[in-house]
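Reviewing the structure listed below.
The values are calculated or read from the model by the stated rules, or taken from the named source; none is laboratory data. Since the structure is predicted, the reported quantities are computational estimates derived from the model, not experimental observations. Heads up, the Cβs are rebuilt from the backbone with ideal geometry, glycines too, and the neighbour counts pull from every protein chain shown.
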């Protein structure tokens, strides 16, 4: 299992959280997505580490921007 935390900008409401979560859950191997709307932190738990470009594409497709990935794996 891999867990990585990203910063997503532009989320302002529950609909935003649902859009980002749904887009990320569609990626192969994703088991769980936790979003903290107040901080913009999105923690993704997956079978293996996800390529950042795939995560960025999923977030962009949902209409938001991946600001950073802090490499926070646990």
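For the reader, a short list of remarks on this structure follows.
- Only one entry in 56, 31 is at pLDDT 95 or above and either in a helix (DSSP H, G or I) or surrounded by 13 or more Cβ atoms within 10 Å (Cβ to Cβ) (or both), namely 56.
- Test result for residue 48, at pLDDT 95 or above and either surrounded by 14 or more Cβ atoms within 10 Å (Cβ to Cβ) or more than 11 Å from the chain's Cα centre (by Cα) (or both): yes
- When segment 13-48 is filtered for residues that are within 14 Å of residue 63 (Cα to Cα) and either in contact with a helix residue (DSSP H, G or I) (Cβ under 7 Å, 6 or more places away or on another chain) or without any contact (Cβ under 8 Å) to a residue 12 or more places away in the chain (or both), the ones remaining, listed by number, are 15, 18, 20, 23, 24.
- Looking across segment 34-45 at every residue that is surrounded by 13 or more Cβ atoms within 10 Å (Cβ to Cβ) and outside any strand (DSSP E or B), the one that is nearest to the chain's Cα centre (by Cα) is identified as 40.
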